Structures are given as C-alpha cells and as structure tokens.
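Q: Quick one: this structure, given as structure tokens, is what I'll be asking you about.
The values are calculated or read from the model by the stated rules, or taken from the named source; none is laboratory data. Only a predicted model underlies this, so the values are computations on that prediction, with no experimental measurement involved. Cβ placement follows ideal geometry from the backbone for every residue including glycine, while neighbour counts extend to all protein chains displayed. All accessible areas refer to the heavy atoms of the entire protein, side chains included, with ligands and DNA or RNA removed. Shrake-Rupley method; radii C 1.70, N 1.55, O 1.52, S 1.80 Å.
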Amino acid sequence: MSRRIPWTLVVLLLALTIPWFGSRYYTFLATQIAILSLFAVSYNLLLGTTGLVSFGHAAYFGLGAYATGLLMKELNVPFLLALLAGGLLPAAFAGVFGYFCVRLTKIYFSMLTLAFAQIVWAICFQWNEVTGGDQGISAIPYPELGWIGAIPGLGGFRTGDHFYFACVVLVILCIWVLGRITDSPFGRLLTTIRENPERASFIGVDVRRYELAAFAIAGGFAGVSGALFGIFNRGVFADFMFWPKSAEVLIMTILGGMNYFWGPVAGTIMMVVLNQQITSYTEYWPLVLGTILLVLLFAFPGGLMGALDAGAKRLRGQKTGGGDA
Amino acid sequence: MLDIDNVTKTFSGFTAVSGVSLTVEKQQIAAVIGPNGAGKSTFFNMITGHLTPDSGAIRLNGRDITGIAPHKICGAGMGRSFQRTNIFPKLTVFDNVQAAYLAHRGKGGNFWSPAERFYRDETEALLRSIGLWEQRESIGGVMSYGAQKQLELGLALASDPALLLLDEPTAGMSATETHEAIRLLERIAGERELTLLFTEHDMEVVFSIAQKIAVLHQGRKIAEGTPAEVRADPEVRRIYLGHH
Ligand SMILES: Nc1ncnc2c1ncn2[C@@H]1O[C@H](COP(=O)(O)OP(=O)(O)O)[C@@H](O)[C@H]1O
Ligand SMILES: [Mg+2]
C-alpha cells in the first residue's frame with residue numbers, strides 16, 4: 001500500500017503527449033482508443049466488479065450518441081450540456097431496463113439485456129423522423145474548442161488535436177469517477193455480489209438494488225462514451241447499438257483483463273490497434289482478428305493485465321531470490 | 001425471541017418440512033438435529049428468508065418475518081452461516097469481514113470515499129476474537145475448511161446479530177476442529193449474549209452445548225426437550241442410536 005502509483009494521472013499525462021508526435025493518424029487512433037476505453041471501463045463495472053454479463057451495453061452507448069448528436073445538431077445545445085444529457089438519458093433508460101433485467105440471473109439476465117438492446121436498435125433503425133432511420137444522423141457539429149489553442153504551449157495544433165485533448169480530459173475524468181465508485185463502499189459491496197450473491201444478501205446487501213444502481217451508472221458512462229464517439233465519427237448510426245458492438249466491448253474487456261481496473265483500457269488499445277493494422281494488410285481481417293483474439297484469450301486467461309501482473313511478480317520474485325543467494 | 005409456528009415447505013410434491021413449530025428464548029442455545037435429508041437446511045432457509053414457507057408463520061421478537069427478503073431479515077438482527085461454506089472466496093479475510101460491516105452499517109450508499117478506510121478497528125477486533133487475525137491477508141477461498149467456517153462465523157457476527165443461526169457449523173471438521181469450533185461458539189455466544197440456533201447431524205456435538213434440542217426426521221419434528229430428555233426418547237433412540 002505504501003507505493004501506490006496514481007495511475008489515473010500517469011495515464012492522463014501519457015495520453016496528452018500523443019498530439020506532439022504530429023501525426024494526424026496517431027491522434028485519430030488515440031481519440032478512438034480514449035473514447036472506447038470509457039465504454040469498456042463502464043462495462044467492467046458490470047462484468048468485473050459486479051459479475052453481471054450484459055449483452056446489450058451498446059444500447060446505452062448508442063442512446064448517448066443519439067441524444068448528444070441530436071441536441072447539438074437540431075437544437076444547438078452547447079457541447080458540455082449535450083454531453084451531460086448524453087449521459088443522463090442512457091442512465092435513465094438503463095434504470096428502466098435494468099429494473100427488469102436484475103430480476104433475472106446469469107444467462108437469463110444476459111439474454112434480457114440483449115433483448116432490450118435489440119428493441120432499442122430496431123426503434124432507432126426505423127424511426128426516420130427523429131433518428132434518421134438507416135441513414136443515421138450526419139454532420140453533427142464539432143464543438144467549439146478553438147480556445148484550447150489559446151492555452152500557452154498548445155498553439156499550432158489542429159482541430160482534431162483539440163478535440164482529442166478535450167476527449168482525453170473528459171474520459172479520464174469519467175474513468176476517475178468510475179474508479180472512485182469501484183473503490184467506494186458501494187463498489188466493495190458490488191464485489192460481494194460478484195463473489196457470492198447468496199451470502200451478500202445475508203450480510204444485508206439488497207442485491208437487486210445494487211445491481212440496478214450499477215447498471216444505471218454503467219449505462220450513463222457508456223452514454224458519455226457514445227456521445228463523444230458520435231461527434232468524433234461526425235455521425236450517429238443505428239449500428240452503434242447493434243449487438244456486435246455489445247460483443248466487442250465484452251471482448252475488449254476480457255482481452256484486457258476484467259479483474260483489473262485498467263484492464264479494459266489495455267483491451268481497447270489492443271483491439272483498436274489490431275483492427276487498424278489488420279484491415280490495412282488483408283481483406284480477410286475479421287477472420288484474422290478473430291483468430292488472434294482466440295489465441296490471446298487462450299494464452300492469457302487473465303487478459304493482458306493478468307499476463308503483465310504475472311510477469312511483474314515473477315521479475316520481482318527473481319530479484320529478491322537473486323539478492324538472497 | 002424466535003417463534004416458528006407450524007411451517008411447511010414442499011418441493012414439487014415432496015414435503016421437505018412438514019408442520020414444524022419451534023420457539024427459541026432469548027440467550028438460549030438451541031439445536032435442530034436430524035439425519036441428512038431430514039429438512040434442517042430447508043427449515044433454516046425459511047427462517048432466513050431464502051425460502052418462503054408454503055404455510056405457517058415465523059416471528060422474530062413478535063414481528064412477522066415470514067417470506068421477507070433475506071437482507072431485511074439480516075437487518076432485523078439475525079445472522080447466519082450456511083451449510084456449504086459461503087464466503088466471498090476471492091476477497092481477503094479482512095475484506096470479507098469489512099464488507100459485512102459496510103453492508104450492515106448502511107455504508108452501501110457511499111459511492112465516493114475509499115472503502116478501505118471504514119471499520120478497520122471493528123474488523124480487527126472481530127478477527128482477533130474468532131482467531132483469524134494472523135490470516136487477515138489470506139484469500140478466503142484458499143484457506144483450510146475449518147478456517148473458512150470460522151470466517152463465515154465472522155461474516156455473521158459482523159452484522160451484530162442478536163440471534164445467530166448456524167447450519168452444521170462443524171460439518172466436515174475433524175474431531176479436534178469440531179471441539180475447538182464448539183468452544184469458540186460457546187465463548188462467542190457468552191460474550192455477545194447471543195441467542196443461538198444451530199443444526200447438526202452428529203448428536204454428540206449437540207449434547208455438550210445445547211440447552212434445548214429439537215429432532216427432525218423426514219421433515220417432521222419427532223421430539224423436543226433438554227439433551228437428557230431427547231437422549232431418553234425411544235423414537236430418537238430408534239432412529240439415531242441404532243446407527244451408532
Ligand atoms: N431446492 C430443493 N429442491 C428440491 N428438493 C430439495 C431442495 N432442497 C432440499 N430438498 C430436499 O429436501 C430434503 C431435505 O433437505 P435438507 O433441508 O437439505 O436436509 P438436511 O439439511 O437436514 O440434510 C432432501 O430430501 C432434499 O433432497
Ligand atoms: Mg443441511
């Protein structure tokens with residue numbers, strides 16, 4: 001406990017250096033990673049912390065994207081206000097859907113989350129007047145971030161870099177909040193539910209209520225992530241909430257290591273980079289990506305962070321062992 | 001203190017507990033005994049809200065708690081352990097007990113402060129009193145069976161229960177472990193002025209500690225009384241002592 005590293009700060013500082021490489025492509029990738037990291041970390045509040053497997057997390061990502069996109073485009077609502085709505089609306093939806101989902105357990109819970117997500121997807125796909133149906137919403141205005149360029153030392157960056165800076169700060173802020181929640185008494189009791197719901201109920205935990213709260217919080221932060229993604233993507237489409245997107249966040253989280261708070265971030269970096277690399281080499285990328293993911297999942301059952309952790313422990317063990325000899 | 005009136009539970013046609021009544025007085029040590037499959041765990045699960053009786057009523061200090069959710073019954077001053085050891089296997093011993101304090105003292109609505117700061121002293125005192133302080137950093141699920149049973153007792157005690165229900169607290173233990181566990185229970189019950197209701201399939205364990213014993217057989221209560229009375233009961237002798 002003595003040598004606790006402020007990881008949030010470390011990640012923030014590292015992430016902020018990316019635009020200095022001066023590559024439009026790096027900033028593009030890093031923006032995607034930052035935004036999807038929040039999606040995955042929010043998901044892990046359910047998967048890793050509470051032990052709930054949701055197959056419908058993309059619904060809240062998509063709802064956030066639609067809410068913020070529409071508010072900014074149709075009503076000229078300022079960016080931060082629209083972003084707030086992009087968190088609150090999905091949280092409210094997650095509260096309502098979750099109310100029913102937490103009444104079920106295990107695979108039945110998962111199937112119901114999927115069912116709700118598919119309903120939301122179908123509605124957004126059909127409702128031309130509001131969501132643009134299968135055309136989606138395009139030309140979402142970029143937030144006015146020119147003031148970032150006026151900060152000393154940040155002159156000379158492109159608009160894309162400004163948006164990246166804003167994303168990194170907002171995402172890290174959200175991840176920091178999720179970290180506080182995970183480490184709080186509430187979060188600790190979520191882990192008792194993951195470990196043993198029957199026992200949790202008999203230390204006095206109202207299991208369904210806690211699960212519902214976690215579901216709504218996770219939905220809200222997924223919404224913020226989706227909202228940022230819609231702006232980044234300059235458009236919001238129904239496939240944001242289609243089931244493969246929910247599968248993707250599940251895979252990223254497991255790949256990175258769901259037992260580690262930063263695991264989902266590692267998984268997101270891995271997934272985004274792999275995706276980009278492979279698409280540029282071969283047209284069979286889904287097959288190649290799938291194969292690589294399978295191998296990784298088998299090679300590192302604890303995810304990337306699990307493998308790093310084990311490696312670090314071995315190194316430390318060897319060092320002390322060598323010192324004694 | 002605990003008043004169980006004529007409870008029955010049927011599982012798809014099979015009656016596991018049939019019209020059983022039992023009263024436990026304040027600070028009494030009472031036991032429910034019976035061979036495996038007699039319905040002891042089912043009986044317990046109805047008292048703690050994990051199962052709802054088909055008929056009958058359960059009152060705790062005069063308040064009807066029949067069919068209420070487990071977390072509410074826990075909040076009303078009842079603690080329990082489970083027959084199949086039931087802890088948080090991947091958390092440390094310390095975190096197990098601390099979580100029970102967090103839950104019971106209503107800290108679950110705190111989304112912001114670090115959990116590790118709360119109830120450190122209480123957790124330490126409790127772990128010392130049940131003899132697990134040395135193992136506080138151990139992961140619960142990898143400890144010995146006896147230690148896990150002790151930890152489960154700790155989880156139950158963290159909710160400051162007035163009434164403690166223990167489902168076969170010594171099941172699977174060696175003779176020495178059993179002896180120690182019973183001494184521990186006696187001491188804790190005395191120190192905390194607990195009312196204790198526990199189940200056992202081994203009669204000898206029970207006679208040394210219980211003041212009142214009820215005997216279940218095939219879902220029915222066939223005898224009730226002091227250890228001496230139960231030991232002398234012809235039907236109990238027929239069912240039990242025939243085996244010994
Ligand atoms: N959930 C259940 N569904 C069906 N039958 C059950 C269930 N729980 C217990 N039983 C049956 O009820 C009887 C009593 O079980 P139990 O209460 O566990 O006995 P004991 O704890 O005395 O060994 C057994 O025959 C068992 O098979
Ligand atoms: Mg039993």
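Q: Along the range B:7-23, what does the Karplus equation 6.51 cos²θ - 1.76 cosθ + 1.60 (θ = phi - 60°) give for ³J(HN,Hα), rounded to whole Hz, x for Gly and Pro?
A: 7, 9, 9, 10, 9, 5, x, 9, 7, 7, 9, 10, x, 9, 10, 7, 10
Q: May I ask you to list the chymotrypsin sites (Phe, Trp or Tyr not before Pro) in the range B:26-118 that are in a DSSP loop and have at most 13 other Cβ atoms within 10 Å of their Cβ?
A: B:W112
Q: What are the semi-axes of the equivalent ellipsoid for the range A:120-216, taken as the square roots of 5 times the Cα gyration tensor eigenvalues, largest first, in whole Å?
A: Result for the range A:120-216: semi-axes of 39, 26, 8 Å.
Q: If you don't mind, there's one more thing I want to ask. For the range B:29-166, treating each Cα as an identical point scatterer without solvent, what Debye log10 I(q)/I(0) comes out at q = 0.15, 0.21, 0.22 1/Å?
A: Results for the range B:29-166 at q = 0.15, 0.21, 0.22 Å⁻¹ read -0.80, -1.29, -1.35.
Q: May I pose another question? Just to be sure I understand: if you take the accessible area of chain B alone plus chain A alone and subtract the pair, with a 1.4 Å probe, what total do you get in Å², rounded to 100?
A: Answer for the B-A pair: about 2800 Å² buried.
Q: List the equivalent ellipsoid semi-axes of the protein assembly as shown in whole Å, largest first, each obtained as the square root of 5λ for an eigenvalue λ of the Cα gyration tensor.
A: After scaling each eigenvalue by five and taking roots: 54, 27, 20 Å.
Q: Among A:F21, A:F163, A:F116, which one shows the biggest mean-square fluctuation in a GNM of chain A, springs joining Cα atoms closer than 10 Å?
A: The residue that fluctuates most here is A:F21.
Q: Let me ask something else about it. Give me the orientation-averaged projected area of the Cα convex hull of the range A:146-194, in nm², one decimal.
A: Reported value for the Cα convex hull: 4.6 nm².
Q: Right, here's the next one. What is the pair-distance distribution P(r) of the range B:91-160, computed from all Cα-Cα distances in 10 Å bins starting at 0, with each bin given as a whole percent?
A: Each 10 Å bin holds this share of Cα pairs: 22, 55, 20, 2.
Q: Give me the mean projected area, in nm² to one decimal, of the convex hull enclosing the Cα positions of the range A:1-104.
A: Approximately 9.7 nm², given one-decimal rounding.
Q: State the percentage of accessible surface on the range B:91-160 attributable to carbon and sulfur atoms; use a 1.4 Å probe and exclude ligands, DNA and RNA.
A: Numbers: 1300 of 2780 Å².
Heavy-atom surface of the range B:91-160 belonging to carbon and sulfur, 1.4 Å probe: 47 percent.
Q: Report, in degrees rounded to the nearest 10, the 0 to 90 angle that the Cα long axis of helix B:93-104 makes with the longest principal axis of chain B.
A: Roughly 80 degrees between the two axes.
Q: Treat the range A:1-55 as a sphere of radius equal to its Kirkwood radius over Cα pairs and apply Stokes-Einstein at 37 °C in a medium of 0.692 mPa s; give the translational diffusion coefficient in µm²/s, rounded to a whole number.
A: 245 µm²/s
Q: Now, a different point. Over all distinct alpha-carbon pairs, what is the Kirkwood Rh of the range A:2-324 in angstrom?
A: By the Kirkwood definition, the hydrodynamic radius is 20.5 Å.
Q: Give the Cα extents of the range B:174-244 along the principal axes, in whole Å, largest first.
A: 36, 26, 22
Q: Listed here are the pairs B:K9/B:K40; B:K26/B:K212; A:K106/B:K149; A:K313/B:K90; B:K40/B:K212; B:K40/B:K221; which of them are more than 22 Å apart at the Cα?
A: Beyond 22 Å: A:K106/B:K149.
Q: Taking amide H positions as placed 1.01 Å from N in the peptide plane, with prolines and chain starts having none, which residues 5 or more places from B:F198, or on another chain, fall under 5 Å of its amide H?
A: For B:F198, the qualifying residues are B:A30, B:A31, B:V32, B:L166.
Q: What ranking, highest mean first, results for peptides B:2-10, A:289-297, A:184-192 when packing means the other Cβ atoms within 10 Å averaged over each residue?
A: A:184-192, B:2-10, A:289-297
Q: Can you give the Kirkwood hydrodynamic radius for the range A:244-286, in Å, rounded to one decimal and based on Cα pairs? Intermediate values should be presented prior to the final figure.
A: Working: mean 1/r = 0.0937 Å⁻¹.
Hydrodynamic radius (Kirkwood, Cα only) of the range A:244-286 equals 10.7 Å.
Q: Put a dot 7 Å past each Cα toward the Cβ at B:D202 and A:E74; how far apart are the dots in nm?
A: Taking the simple label geometry, A:E74 and B:D202 are separated by 7.1 nm.
Q: Moving on to the next point. Taking every eigenvalue of the Cα gyration tensor of the range A:177-275, multiplying by 5 and rooting it, what semi-axes result, largest first, whole Å? All intermediate terms of the calculation are to be shown ahead of the outcome.
A: Details: eigenvalues 167, 50, 30 Å².
Result for the range A:177-275: semi-axes of 29, 16, 12 Å.
Q: A follow-up question, please. Cut-off 14 Å, label point 7 angstrom out along Cα-to-Cβ of B:A125: give me the residues of the range B:173-202 whose amide nitrogen falls inside.
A: Residues B:191-193 qualify, since their backbone N sits under 14 Å from the label point.
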